[in-house]
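The block underneath contains the structure these notes are about, expressed in C-alpha cells.
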Amino acid sequence: MKKLLIETAKRTGLLDADQLAEYLDNNAASGGRIDEALLACPYFTEESVLKLIAEALGMDYYQDVPSDHVPAEFIETIPATYAQHHSLIGIGGNGEDEDMTILLSKPLETNALDNVSKMLGKPVVSAIATRTAITSAIDVAYEQRSTVIEEVAEELDAQNIDRLADEIGESDDLLDVVNRPPVIRLVNDILFRALQLRASDIHVHPYETKIQIRYRIDGILYDTLSLNRNVLPLVVSRIKVMAGMDIAERRMPQDGRCTVRLGQREVDLRVSTVPTSYGERSVLRILDKSTAMLGLHELGLWKEDLKKFDLLLTRTHGVIFVTGPTGSGKSTTLYACLNRINSAEKNIITIEDPIEYQLGGISQMQVASKKGMTFATSLRHVLRQDPDVIMIGEVRDVETARMAIQSSLTGHLVFSTLHTNDSAGAVSRLIDLGVEPYLVSSSLIAIMAQRLVRRICPNCRQEYKPTAHEMRALGLLDSELAESGQFFAGAGCDRCFQTGYRGRTGIYELLLVNERIQEMIYSQETAGSIKRAALDGGLQTLRMDGTRKVLEGQTTIAEILRVTQADIV
C-alpha cells in the first residue's frame, strides 16, 4: 500500500512524493492504519490525502455530498450516532439494480462498511469524501426525517412526566431519537424545525384550547405549529428539565440554560418561563455555537463609515456606545469590534449578561446579580486586572455609566450598549441617568445606532415598481431614481418560508463626537440640536443608510419603513 501511494503521488502530483515517502518511513513503527496516519499528517490537507487514496485504489471521490440523495432506507436503518461516529453516509441505491454507495472519510475502515452492509441487509459500494462534507450531509439528512408530532400526540400520557428527570443527559443530541419517550421526541422535533428555519427564538404560547408554537425568523414571529392543550405540562416540564429548572415550581418565573447537539453542531438554549392564565409560557433563545463570528466588514457598514469606525478602534482610550432596541444586533457588533482589535499585546476583558459566544484570547465575565456581581461591582474588579480594553454588556444605571466613563478617562478603551432610538439620544440618556455632562463630553468618542433589516431572498428576487407612497416615505419621489432606479423584492419560495426575505443585514448611524458636539454636550443642548450638528458634519442617518441598501438591491422599501423613523431635522 505504501509503495502504491508513493507511485500514485509521483504520477499525479497530488502530494509531494519525497515528503510522503519520508513521512511514511518515520511513522512506519506506529503500527496504525496508513489512512489514519496520513490524515493526521500536518504537511498534507485531508482533501489531498483522500484524493490520493481514491486515485490509488480506483475509488470515486466526492467533492460534495448531496444530502437529498441520501435514501430513506439508510436514515431509517443506520442510527445517526453510528453514522457520526464512523463519519459515513449512504447515497443512491433507489433503483432495483442500483447499489447503495457508502461514503467514508477513512477509506480503509472496512469493519464499519461491513456493519452497514449487514444492517441494510444488502451489498454496498464504497467511495470517499471529506469528513466535513459527510458530517454536513448527515446533519441535513437526519434533520429531514418525517415529523413525529402527530404520532407523539397520541402516545403522550401523564405517566411520562414522572420519568422526565431520568431521561436527559448533559448534552442531548437532537438527531438521536431511537427509543426516546414521545415527549422528548416532540420537543426535539420542535427544536429541529426551529434550526431548519434559522429561527432565533421559540415561543411556546398556551391558549384556552391549544398550544401555539411560534418561531422568530429574521426578527419576525410566525405561527408554525398548534398542539393539543393537554400536552402543555409535559412539554414545559421537558423544557425545564433540559434547562435545569424546578419542574415543581409553576407559579413563579424561572430562567435556565442548556446545551444540545445537532449532529456535530453545539447549540446553546436560554430558557425563560412565566405563569399565565392558561398555563406556563416558555421562550427559548437559540444561540448556535457553530455560527461563525461576523467580521466588522461583514456587518453591512457603509465603506466610509467602516473606515471611520476602524480608526476609532485604534484609540487607546474613550467610550464607544452601540445603541438600539433588543434584537438589533448590538452584541454582534461589539464582538466584531473585539475580534478586530484582539491581539497578544492587548488585555481585553468583557462583562456580559449572559456570555453569548466564547471569544478566543479574551477574558469574559458573567454577571451574577443574585450573588451581588452586578455590572458596576464587576467593573470595579476588572479595573484591577490591568485591562487595555473593556466591554460592558449594557449600561443600565448611573453607577455603571459613571464608572465606564471614568474608566475611559484613566486610559482604557470602553465599549458598551444603550437602549436608545438613535445615536444622539444616547447623550440625553446618559445625562438623564445622572452622569455629569462634562464627563460625557470629555470621554465619549462615538455612538453608533443600528437596526437589522431582512435581506431579499436571492432565490426568488425579482424587480418590482414601488408605490408612490413608498417612494414619498423614503424621500425618493421627486428624485431621478423614481423613474430610472431599479428596485427589487422577493416573490416568496420554499427557501425563504414564502416571505421573500432570507437573512439579515444591519443599517447604521455613526455619530463621531468632534469638538463642536463636545461643546454642545457640555452645554446640555437637546438631542435634536446635536443630531442637526452631526448631519451638518456628514452624519448618515438610519433611514439614509437604509435607502442606500434599497438602491443596492439588498432590501426593500417596506422593510426600511418598518424599522426606521422619518428623519426630523
(message) Before I look further, what does the chain give for accessible area per residue, probe 1.4 Å, in whole square angstrom?
(response) 47
(request) Would you work out the charge dipole size for the range 429-569 about its Cα centre, treating the Cβ of every Lys and Arg as +1 and the Cβ of every Asp and Glu as -1, and quote it to the nearest 20 debye? (result) 660
(message) If you average the alpha carbon positions of the range 380-430 and of the range 1-42, how far apart do those two centres end up, in angstrom?
(response) 56
(request) Under 4.7 Å Cβ to Cβ, no partner at all: give me those cysteines from the chain, in residue order. (result) Cys41, Cys258, Cys337
(message) Could you tell me the calculated FRET efficiency between Ala468 and Arg340, based on Cβ-Cβ distance and R0 = 41 angstrom, to the nearest 0.05?
(response) 0.45
(request) Determine the gain in length on full extension of the stretch Ile355-Asp397; use 0.36 nm per residue of separation and subtract their C-alpha separation, reporting nm with one decimal. (result) 13.1 nm
(message) Taking the Cα centroid of the range 220-267 and of the range 50-94, what is the distance between the two, rounded to the nearest whole Å?
(response) 34
(request) Would you kindly state the longest site-free stretch of the chain, with sites defined as GluC sites (Glu not before Pro) in a DSSP loop (not H, G, I, E, B) surrounded by at most 12 other Cβ atoms within 10 Å? (result) 209-344
(message) Between Glu7 and Asp567, what is the label-point separation in nm under the 7 Å Cα-to-beta-carbon projection?
(response) 7.3
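Would you mind estimating how fast the chain diffuses translationally, via Stokes-Einstein at 10 °C and 1.306 mPa s with the Kirkwood radius over Cα pairs, in µm²/s?
Numbers: Rh = 27.6 Å.
Answer from the Stokes-Einstein relation: 58 µm²/s.
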(request) Please give the solvent-accessible surface of Tyr357 in Å², to the nearest 10, using a probe radius of 1.4 Å with every protein chain present. (result) 50
(request) Measure nothing but the geometry: give the 0 to 90° angle between the long axis through the Cα atoms of 330-341 and the longest principal axis through the Cα atoms of the chain, rounded to 10°. (result) 80
(request) For Thr505 paired with Asp25, estimate the spin-label separation in nm (one decimal), with each label point 7 Å from Cα along the Cα-to-Cβ line. (result) 5.6
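Tell me the relative contact order for the range 269-345 as a rounded percent, counting alpha carbon contacts under 8 Å between residues six or more apart.
Values: 46 pairs, mean separation 20.5, N = 77.
Worked out over the range 269-345, it gives 27 percent.
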(request) For Asp255 and Arg548, calculate 0.36 nm times their separation in residues minus their Cα-Cα distance, and state this gained length in nm to one decimal. (result) 101.4 nm
(request) Can you tell me the 0 to 90 degree angle between the C-alpha axis of helix 303-312 and the longest principal axis of the chain, rounded to 10? (result) 80
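Using 1/(1 + (r/R0)^6) with R0 = 30 angstrom and r between the beta carbons of Tyr43 and Gln63, what's the FRET efficiency to the nearest 0.05?
Details: r = 22 Å, r/R0 = 0.72.
Here the calculated transfer efficiency is 0.85.
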(request) Would you mind working out the magnitude of the charge dipole of the chain relative to its Cα centre, with +1 at each Lys and Arg C-beta and -1 at each Asp and Glu C-beta, to the nearest 20 Debye? (result) 1480
(request) Order the following by accessible area, largest value first: Lys122, Lys240. Probe radius 1.4 Å; ligands, DNA and RNA are ignored. (result) Lys122, Lys240
(message) In the range 255-391, if the dipole is taken from +1 on Lys/Arg beta carbons and -1 on Asp/Glu beta carbons about the Cα centre, which of Ala336, Leu296, Ser363 is farthest to the positive end?
(response) Ser363
(message) Apply the Karplus curve 6.51 cos²θ - 1.76 cosθ + 1.60, θ = phi - 60°, to the phi angles in the range 51-59 and return the couplings in whole Hz, x for Gly and Pro.
(response) 5, 5, 5, 4, 5, 5, 9, x, 9
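How much length, in nm to one decimal, is gained on full extension between Asp536 and Leu311, taken as 0.36 nm per residue of separation minus their Cα-Cα distance?
On the way: separation 225, 0.36 × 225 = 81.00 nm, distance 2.09 nm.
Extending this stretch completely gives an extra 78.9 nm.
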(message) Could you sort Asp388, Asp432 by their accessible area in this structure, using a 1.4 Å probe and putting the largest first?
(response) Asp432, Asp388
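State the percentage of accessible surface on the range 51-134 attributable to carbon and sulfur atoms; use a 1.4 Å probe and exclude ligands, DNA and RNA. Mind showing how you got there, number by number?
Working: 1720 of 3980 Å².
That fraction is 43 percent.
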(request) Just grab the label-to-label distance for Val125 and Glu73, each label 7 Å out from Cα along the Cβ direction, in nm (one decimal). (result) 1.4
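Just need the relative contact order of the chain here, percent rounded to a whole number, with Cα pairs under 8 Å and 6+ apart.
On the way: 969 pairs, mean separation 48.4, N = 569.
After rounding, I find 9 percent.
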(request) Determine the dipole magnitude for the range 35-100: charges of +1 sit on the beta-carbon of Lys and Arg, -1 on that of Asp and Glu, nothing else is charged, the reference point is the Cα centre, and the result goes in debye to the nearest 20. (result) 340
(request) Determine the share of the range 374-466's accessible area contributed by carbon and sulfur atoms, expressed in whole percent, with a 1.4 angstrom probe. (result) 45
(request) Place +1 on the Cβ of every Lys and Arg and -1 on the Cβ of every Asp and Glu in the chain, take the dipole about the Cα centre, and give the residue among Ile320, His86, Cys493 whose Cα lies farthest towards its positive end. (result) Ile320
(message) On a 1.4 Å probe surface of the protein chains, which of Thr350, Thr12 comes out largest in accessible area, and what is the full order?
(response) Thr12, Thr350
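Once R0 is set to 41 Å, what does the formula 1/(1 + (r/R0)^6) return for the Cβ-Cβ distance between Arg380 and Glu519, expressed as a FRET efficiency to the nearest 0.05?
Values: r = 32 Å, r/R0 = 0.77.
Working from the Cβ atoms, E equals 0.85.
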(request) Using Cα positions and a limit of under 28 Å, work out the lysines in reach of Lys549, with same-chain residues fewer than 8 apart set aside. (result) Lys303, Lys307, Lys308, Lys330, Lys465, Lys531
(request) Enter the angle in degrees (range 0 to 90, nearest 10) between the Cα long axis of helix 398-409 and the first principal axis of the Cα atoms of the chain, meaning the one along which they spread out most. (result) 90
(request) Could you point to the residue in Ile405, Leu120, Leu50 farthest towards the positive end of the chain's charge dipole, with +1 and -1 charges on the Cβ of Lys/Arg and Asp/Glu respectively? (result) Ile405
(message) I'd like the accessible area for Val398: 1.4 Å probe, protein heavy atoms, all chains in place, Å² to the nearest 10.
(response) 50
(message) Please report the antiparallel percentage of the DSSP beta bridges confined to the chain, to the nearest 5.
(response) 65
(request) Please list, or write none, the lysines whose alpha carbon is within less than 28 Å of the alpha carbon of Lys106, excluding same-chain residues fewer than 8 places away. (result) Lys2, Lys3, Lys10, Lys51, Lys118, Lys122, Lys289
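The values are calculated or read from the model by the stated rules, or taken from the named source; none is laboratory data. Values in this document were obtained by computation on a predicted structure and should not be read as measured data. Counting neighbours? That spans all protein chains shown, and the Cβs are built from the backbone with ideal geometry, glycine included. When the accessible area is computed, the model is the full protein with side chains, heavy atoms only, and any ligands, DNA or RNA have been set aside. Shrake-Rupley method; radii C 1.70, N 1.55, O 1.52, S 1.80 Å.
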